[in-house]
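Undergrad: Starting off with a structure, shown below.
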Amino acid sequence: MRKSRWFQAGWPPLVVVILLLLVWQLAVTWGGTASWLLPSPFKILRDGTTDMPRVWIHTWATLKLMLLGFGVGSAIGLMVACVLHRMPFVKAGFYPLLILSQNVPVIAIGPLLVILLGFGILPKLVLISLVCFFPVTMSTLDGLTQTDRSMLSYMHMIGASSRQIFYKLELPHALPFLFTGLKISATYSVMGAVIAEWLGGNVGLGYYMILQKSAFRADREFVAIGIIVILSLLFFWCIAGLEKLVIRWQTKRSS
């Protein structure tokens, strides 16, 4: 039953993607477009297979960087959300600043981090952590404030401490919201890693894309874009699978 639902949800976008690739291939073939300007999907696939050993080195470097940045940013985001929820006076001061911080483009922060922290891994890690930090913080904070009021009143009535209420009611109730933020951050972490590699470095998909742009190799640019999309989807599905393992009661209720 679950497999049939996956199939019903998955085949429409798959058909659309196949049709778009077919139209792309035919348009490039019949239109006589130069391959350096717009390569066909077949050429992209062929060149990606040929250059795969080098592409894999850059992909592995990006994967390690994004996982490290995702872990640090998500952990800090969760801790900040818990602190702001437990200390309303701190939340009153810092919450508007959190919203304001998202008006600064990530690409604008990168050069400043390089000036302050150098060209090592630290500015890249900080950049990815900043990208992943906000969705986790806001989603978790939203979940903590939407605790069931009847259960909250009941725990107050039986004499539960604020610590017990937080760990046994509010935090478990906020887990679905936390995983929503984690899924958003999972996709953002790939983008953050690539942007960080654009700003400086000698390995990674971002660095690989800069090299191919200088060489006018649009086909290899598309190869890197395809790998970035695949990494984002796989990471998102891993977090979604972990969510089903952790939040079993929600899975049973939704089924």
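The values are calculated or read from the model by the stated rules, or taken from the named source; none is laboratory data. Model, not experiment: these values are computed from the prediction. Here the Cβ is made from the backbone with ideal geometry for all residues, glycine too, and neighbour counts use every protein chain on show. Note: accessible area is taken over every heavy atom of the protein model, side chains too, but ligands, DNA and RNA are not part of it. Shrake-Rupley method; radii C 1.70, N 1.55, O 1.52, S 1.80 Å.
Undergrad: How do MET191, MET138 stack up against each other in accessible area, from largest to smallest, with a 1.4 angstrom probe? Write down the numbers at each step before the final one.
TA: Numbers: MET191 85, MET138 35 Å².
Sorted by accessible area, descending: MET191, MET138.
Undergrad: Heavy atoms of the protein only, probe of 1.4 Å, neighbouring chains included. What is the accessible area of LEU117 in Å², nearest 10?
TA: Spelled out: LEU117, probe radius 1.4 Å, area about 70 Å².
Undergrad: Find how many whole Å separate the alpha carbon centroid of region 95-128 from the alpha carbon centroid of region 155-222.
TA: Region 155-222 and region 95-128 have Cα centres separated by 14 Å.
Undergrad: Would you tell me the accessible area of VAL104, worked out with a 1.4 angstrom probe on the heavy atoms of the protein chains, in Å² to the nearest 10?
TA: Using a 1.4 Å probe on the heavy atoms, I get roughly 70 Å².
Undergrad: Using the Cα atoms as the points, what is the convex hull volume per residue of region 1-147 in Å³? Show your work: numbers first, answer last.
TA: Values: hull volume 31.1 nm³, N = 147.
Measuring per residue, one finds 211 Å³ for the Cα hull of region 1-147.
Undergrad: Measure nothing but the geometry: give the 0 to 90° angle between the long axis through the Cα atoms of 106-117 and the longest principal axis through the Cα atoms of the chain, rounded to 10°.
TA: For helix 106-117, the angle is close to 80 degrees.
Undergrad: Give the value in nm², to one decimal: projected area of the alpha carbon convex hull of region 17-95, averaged over all directions.
TA: On the way: hull surface 37.4 nm².
Result: 9.3 nm².
Undergrad: Ignoring ligands, DNA and RNA, how do ILE128, ILE115, ILE195, ILE18 rank by accessible area with a 1.4 Å probe, largest first?
TA: Result of the area sort, largest leading: ILE115, ILE18, ILE195, ILE128.
Undergrad: What FRET efficiency comes out for ALA160 versus VAL246 if R0 is 35 angstrom and r is the Cβ-Cβ distance? Round to the nearest 0.05.
TA: Details: r = 23 Å, r/R0 = 0.67.
It comes out at approximately 0.90.
Undergrad: Leaving ligands, DNA and RNA out of it, rank TRP24, TRP36 by accessible area with a 1.4 Å probe, largest first.
TA: Details: TRP24 65, TRP36 155 Å².
Correct descending sequence by accessible area is TRP36, TRP24.
Undergrad: A follow-up question, please. Cα-Cα pairs above 14 Å in region 104-180: how many percent? Intermediate results must be reported in sequence, preceding the final value.
TA: Numbers: 1997 of 2926 pairs.
The proportion of pairs with Cα distances above 14 Å equals 68 percent.
Undergrad: To check my understanding: the extent here is largest minus smallest coordinate of the Cα atoms along each principal axis. What are those three numbers for region 69-115, in Å, largest first?
TA: Principal-axis extents of region 69-115 (Cα, largest first): 35, 23, 15 Å.
Undergrad: Suppose R0 equals 35 Å; then what is the FRET efficiency for ILE107 and THR29 from their Cβ-Cβ distance, rounded to the nearest 0.05? All intermediate terms of the calculation are to be shown ahead of the outcome.
TA: Values: r = 36 Å, r/R0 = 1.02.
Given R0 = 35 Å and the Cβ-Cβ separation, E is 0.45.
Undergrad: What percentage of the solvent-accessible surface of the chain, computed with a 1.4 Å probe over protein heavy atoms, is contributed by carbon and sulfur atoms?
TA: Details: 11210 of 15230 Å².
Its accessible area is 74 percent carbon and sulfur atoms.
Undergrad: While we're on this one: Roll a 1.4 Å probe over the protein heavy atoms and report the accessible area of ARG149 in Å², nearest 10.
TA: Its heavy atoms expose roughly 140 Å² to the probe.
Undergrad: Follow-up. Using a 7 Å offset from the Cα along the Cα-to-Cβ direction at both MET79 and ILE57, what is the distance between the two label points in nm, to one decimal?
TA: Result for the modelled spin labels: 3.6 nm.
Undergrad: Further, regarding this structure: ILE18 versus MET87, label points 7 Å from Cα toward the beta carbon: distance in nm?
TA: Modelled inter-label distance: 5.7 nm.
Undergrad: Using only the Cα atoms of region 177-249, each taken as one equal point scatterer with no solvent, compute I(q) by the Debye sum, divide by I(0), and report log10 of the ratio at q = 0.13, 0.16, 0.17, 0.25 Å⁻¹.
TA: Results for region 177-249 at q = 0.13, 0.16, 0.17, 0.25 Å⁻¹ read -0.47, -0.62, -0.67, -1.05.
Undergrad: If you average over every viewing direction, what projected area does the convex hull of the Cα atoms of the chain give, in nm²? Display every interim value, and only then the final one.
TA: Details: hull surface 70.4 nm².
Taking a quarter of the hull surface, the average projection is 17.6 nm².
Undergrad: Okay, next question. Quick one: accessible area per residue over the chain, 1.4 Å probe, rounded to a whole number of Å²?
TA: Numbers: 15230 Å² over 255 residues.
I get 60 Å² per residue for this part.
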